[in-house]
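Since the structure comes first, as structure tokens, the remarks are kept for the end.
The values are calculated or read from the model by the stated rules, or taken from the named source; none is laboratory data. Everything quoted here is computed from the prediction, not taken from an experiment. Don't worry about glycine lacking a Cβ; one is built from the backbone with ideal geometry, like all the others, and counts go over all protein chains shown. In case anyone asks, the SASA skips ligands and DNA or RNA and just uses the protein heavy atoms, side chains included. Shrake-Rupley method; radii C 1.70, N 1.55, O 1.52, S 1.80 Å.
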Amino acid sequence: MLRAVVADGSIAGAASGLGYTPSAISQHLTALQRETGLVLVEKRGRGLVPTTAGRILADRSSLVFERLADLDALVGDLRNGRVGTLAISYFSSAGAAWVPPIVASLTREFPRLRLDLRLIELRDESSSPPDVEIYVEGAESTNLTGYQSFRLLSEPYFAVVPLTNHLADRTSVELLELRDEEWVDNDVARGPCRKVVLDACAAAGFTPRFGVETHDYPTAIRFVAEGVGITVLPRLGLDVLPVSVVAVPITNPTPTRHIAVRVRDVIADNPAVVRMVDLLRLRVNGPTPIEIGS
């Protein structure tokens, strides 16, 4: 109101421009002078002119309005997912297969959005909960509240064997047939992916004999390529196999892991989050729609 009075040179003109009554303008000016302890305007003839203090305050207040406009723009950017930080956690094989192209798309479409990428296997108990998590059902890290989640896919496990192995030319192999093989372990986290295999083996009546322990699928596959033994891993972990090994489907029973994604309730409608889930859906399942919360 002070800026309007200074600009127009009269209370009546300021009131007309702002849509207030002249008495309301006068009351606010009186209150502002009382709060600041300054004389901001003085009468001159039939109008008003700002005092030196009034002009300085009116001029300097333009910075306040600029900052408020900046804040309004920031709120809009935050609401539309263009700025801020999006924390995404995922397990390693999903990180290798799905996350890089998704992140590439997000950084192009939301260039001012910072992505905080976290590997579940290396999670820190002191870190804040993720905004989006791609996880294997049954994982300890999924005991979180305030999320909407849905399953992405269920994928079977395969036996990866050297071409020289007697099972290499088979179209499938029953799990019990792997009982006497030398196994290469491939899960440093001792998490749900490994438990899926051990539970299936227990159901088949045996415990695998692990001769070598590795920390990831690619390393385990390299050991198989060198003829050290066999390894059992899910479809997503196969990626590109060396020419000296082959992946054989496992039956009776088929170890299967279930992969899910979830997002925090409070940001489920954030455009960047919606876009990420859509990109993930396209990577995993093609164009079939998935409803959050289903």
| Only one residue in V261, V273 is open to solvent by less than 20 Å² (accessible area, probe 1.4 Å), in contact with a Leu (Cβ under 6 Å, 6 or more places away or on another chain) and either closer than 17 Å to Y90 by Cβ or not in a strand (DSSP E or B) (or both), so which one is that? | V261
| note | Looking across region 143-167 at residues that are closer than 19 Å to Y217 by Cα and small (G, A, S), the single one that is modelled with the lowest pLDDT is S154
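Let's see how each residue does on (1) assigned to a strand (DSSP E or B); (2) over 27 Å from the mean Cα position of the chain (by Cα); (3) more than 24 Å from A97 (Cβ to Cβ):
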residue: H166; (1), (2), (3): no, yes, yes
residue: D180; (1), (2), (3): no, yes, yes
residue: W183; (1), (2), (3): yes, yes, no
residue: L198; (1), (2), (3): no, yes, no
residue: T219; (1), (2), (3): no, yes, no
residue: V224; (1), (2), (3): no, yes, no
residue: G227; (1), (2), (3): no, yes, yes
| note | Selection from region 1-41 of residues farther than 16 Å from A53 by Cβ, open to solvent by less than 20 Å² (accessible area, probe 1.4 Å) and of a type in the set (V, I, T) yields I25
| said: Return the residues of region 97-131 that are within 19 Å of D216 (Cβ to Cβ) and either open to solvent by less than 80 Å² (accessible area, probe 1.4 Å) or in contact with a His (Cβ under 7 Å, 6 or more places away or on another chain) (or both); say none if nothing qualifies. | reply: A97, W98, V99, P100, L117, R118, L119, I120, E121
| said: Going by what's in this entry, would L153 be described as in a strand (DSSP E or B) and not acidic (D, E)? | reply: yes
| said: Scan region 184-206 and tell me whether some residue there is open to solvent by 30 Å² or more (accessible area, probe 1.4 Å), farther than 26 Å from A260 by Cβ and in contact with a strand residue (DSSP E or B) (Cβ under 9 Å, 6 or more places away or on another chain). | reply: no
| field | Filter result for G19 (within 18 Å of F65 (Cβ to Cβ) and more than 49 Å from the chain's Cα centre (by Cα)) | value | no
| Members of region 233-258 that are open to solvent by 40 Å² or more (accessible area, probe 1.4 Å) and either more than 18 Å from T171 (Cβ to Cβ) or small (G, A, S) (or both) | D239, V240, V243, S244, T256, H258
| task | Output the number of the condition that T214 fails; it satisfies all remaining conditions of (1) among the hydroxyl-bearing types (S, T, Y); (2) in contact with a helix residue (DSSP H, G or I) (Cβ under 8 Å, 6 or more places away or on another chain); (3) open to solvent by less than 50 Å² (accessible area, probe 1.4 Å); (4) farther than 30 Å from L144 by Cα. | result | (4)
| remark: Flagged in region 84-106 as closer than 22 Å to H215 by Cα, of a type in the set (G, A, S) and at pLDDT 90 or above, in numbering order, are S89
| note | Of the residues in region 133-150 that are in a loop (DSSP other than H, G, I, E, B) and closer than 27 Å to V240 by Cβ, the one that is least open to solvent (accessible area, probe 1.4 Å) is A139
| query | Does S172 fit the bill of being of a type in the set (S, T, N, Q) and either within 22 Å of the chain's Cα centre (by Cα) or open to solvent by less than 20 Å² (accessible area, probe 1.4 Å) (or both)? | reply | no
